[in-house]
Structures are given as C-alpha cells and as structure tokens.
C-alpha cells in the first residue's frame, strides 16, 4: 500500500491539489494502482490532525472491509454507495474509539473521549451517547481487546485515581 498527501500525489500526476479535490474528494480517497499493483490512499493535509487520522483510518477501512477493488475509487464523502460509507464510518469509530477500552477506563464524557481517542467533538458526542446507553455485554473479540490493552487499562485507572 502507498499513502500520499494531496500535494505529493498532485506532483506525481502533474496536477494541482485543486484538481484532486474537485475530481476526487476534499479530504481523502483510496484506489487500486495498476502501475504499482497496490492500493493507494491520498489525503488532504489542510485539515487538523484528528481529521487526517480519521480520514486515513476511514480509507483503510474500505480496504479491510473489501469495498475498495481494483476497479473503483472510493471517496470519503462518496454519495454513490451509502452502505459502504456507513460501514467504513462504523469500523473507523470502532478502531479509533473502542467501546470496551473506553468503558473499562470509565471514559464516557465528550472531552475525555476527544482527548483519549484523538477524535473531533461530533464523533466524541456520538460515542459518549452510545457508551452511556450500552449494556456490559462483552463479546469474545472484546475480551481479547481487554487482554491486549490490560496493562494500559490498569495503569490508566491507577493514575486516574491518583489524579495525575
């Protein structure tokens, strides 16, 4: 896989970034490069860090979920396939803001989620609402996530209780 900023990709195709924004998307997109025989993700660096991080994970989600193929270009704000976008958004939110870790660390407030997960206020608000409604039904996968993050969770809780 290759990842390019819009300015890097613009140089590569001998166009300007406005061309990329108009032709593809204002924030990011993914496509299959026949020349390089790999997926290529392009993203706009004119956004805040949390937006770029979200965009990159969103485009990776399209690849992981099998949406991106060797024949299409998927854009962050695509209206052509709403289901793909909903799935990619949910997958991205699950990866960047894992419920089970947030719940175990008792991180439920918007500002905490923004800080802890590096997401914007809108995403943190939605996550906060869903966490407060959620029951404590932990899946097998989530048990593995807890195990993977166990040292982090214990350290976070210990330091949180001390107020540091």
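Figures for the structure shown
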{"quantity": "Within the stretch 95-113, tally of residues that are part of a helix (DSSP H, G or I), within 15 Å of the chain's Cα centre (by Cα), without any contact (Cβ under 8 Å) to a residue 40 or more places away in the chain and crowded, with 16+ Cβ neighbours inside 10 Å", "calculated": "1"}
{"quantity": "When residues of the stretch 50-80 are limited to those that are surrounded by 14 or more Cβ atoms within 10 Å (Cβ to Cβ) and modelled with pLDDT under 90, the one nearest to residue 142 (Cα to Cα)", "calculated": "67"}
{"quantity": "Residue within the stretch 76-87 that is within 30 Å of residue 150 (Cβ to Cβ) and in contact with a helix residue (DSSP H, G or I) (Cβ under 6 Å, 6 or more places away or on another chain) present", "calculated": "no"}
{"quantity": "Verdict on residue 47 being in contact with a strand residue (DSSP E or B) (Cβ under 6 Å, 6 or more places away or on another chain), over 21 Å from residue 130 (Cβ atoms) and at pLDDT 95 or above", "calculated": "no"}
{"quantity": "Search result, residues across the stretch 126-142 that are within 16 Å of residue 97 (Cα to Cα) and either modelled with pLDDT of 80 or more or assigned to a helix (DSSP H, G or I) (or both)", "calculated": "126, 127, 128, 129, 130, 131, 132, 133, 141, 142"}
{"quantity": "Verdict on residue 159 being surrounded by 11 or more Cβ atoms within 10 Å (Cβ to Cβ) and more than 26 Å from residue 86 (Cβ to Cβ)", "calculated": "no"}
{"quantity": "Test: residue in the stretch 153-162 that is at negative phi, in a loop (DSSP other than H, G, I, E, B) and in contact with a helix residue (DSSP H, G or I) (Cβ under 7 Å, 6 or more places away or on another chain)", "calculated": "no"}
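The values are calculated or read from the model by the stated rules, or taken from the named source; none is laboratory data. Since the model is a prediction, treat every value here as computed from it, not as a measurement. Neighbour counts are summed over all protein chains in view; Cβ atoms, including those assigned to glycine, are modelled from backbone coordinates with ideal geometry.
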